[in-house]
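First comes the structure, then the notes that go with it.
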Amino acid sequence: MARSKKPKHQSQPISEVVWRDRNELKPNNYNPNRVASTELKLLKISIIEDGWTQPIVVNPDLEIVDGFHRWTVSGDADISTLTDGLVPTVMTTPKDESSQKMATIRHNRARGTHGVLNMAGIVQSLVEQGLSQQEIMARLQMESEEVIRLASRVGIPKSQLIQDDNFSQAWEV
């Protein structure tokens, strides 16, 4: 009787997600990627609202190849309680140190950037769906000015976004 061969897609790292205690993982000492505190807050919101959608990539020594910032925010109590302190991981087996460093850089650079007009269109759709400026700011970790600028790129008047009347009493009409 012939042995059945594993389908090709099952040999990919993503097919073998393992939940590990976050404290077992070790950050690498070369990652050039830096994330501002605002984006770390956004990452925390993303995991809390959407759940873990991307595993942390590790090597056989449990050193982080990609996902350092996901690992960082996983130490937050709100995130830790979601999975009892466990984080999803997938393992790669780089053939040497240079291959691992290049894998880290490829993961970082392959994420791309956000186009202004596309972001403006998304903000427009959020406003049209009834989200307030404050909710957009909180859930996307944007400043008021950024939301207003993006909205104005697609023609949304400021009056449609600014719904409070807490203006300074120093001005008279």
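Here ASN108 passes the criteria (1) touching a Pro at 6+ places or on another chain (Cβ under 9 Å); (2) at pLDDT 95 or above except the one numbered (2). Taken over the range 42-62, the criterion of being of a type in the set (D, E, K, R) and surrounded by 14 or more Cβ atoms within 10 Å (Cβ to Cβ) is satisfied by LYS44 alone.
Please tell me if ARG20 is at pLDDT 95 or above, outside any loop (DSSP other than H, G, I, E, B) and under 19 Å from ARG109 (Cα atoms). In short, no. If we scan the range 31-40, do we find a residue that is modelled with pLDDT under 95, within 16 Å of the chain's Cα centre (by Cα) and charged (D, E, K, R)? Yes: the range 31-40 contains one or more residues that are modelled with pLDDT under 95, within 16 Å of the chain's Cα centre (by Cα) and charged (D, E, K, R).
Might you check whether a residue that is modelled with pLDDT under 85 and among the β-branched types (Val, Ile, Thr) occurs anywhere in the range 60-81? Looking for residues that are modelled with pLDDT under 85 and among the β-branched types (Val, Ile, Thr), one finds none in the range 60-81, hence no.
The values are calculated or read from the model by the stated rules, or taken from the named source; none is laboratory data. None of the values given here were measured: they were computed from a predicted structure. Please note: Cβ atoms are built from the backbone with ideal geometry, for glycine as well, and neighbour counts cover all protein chains shown.
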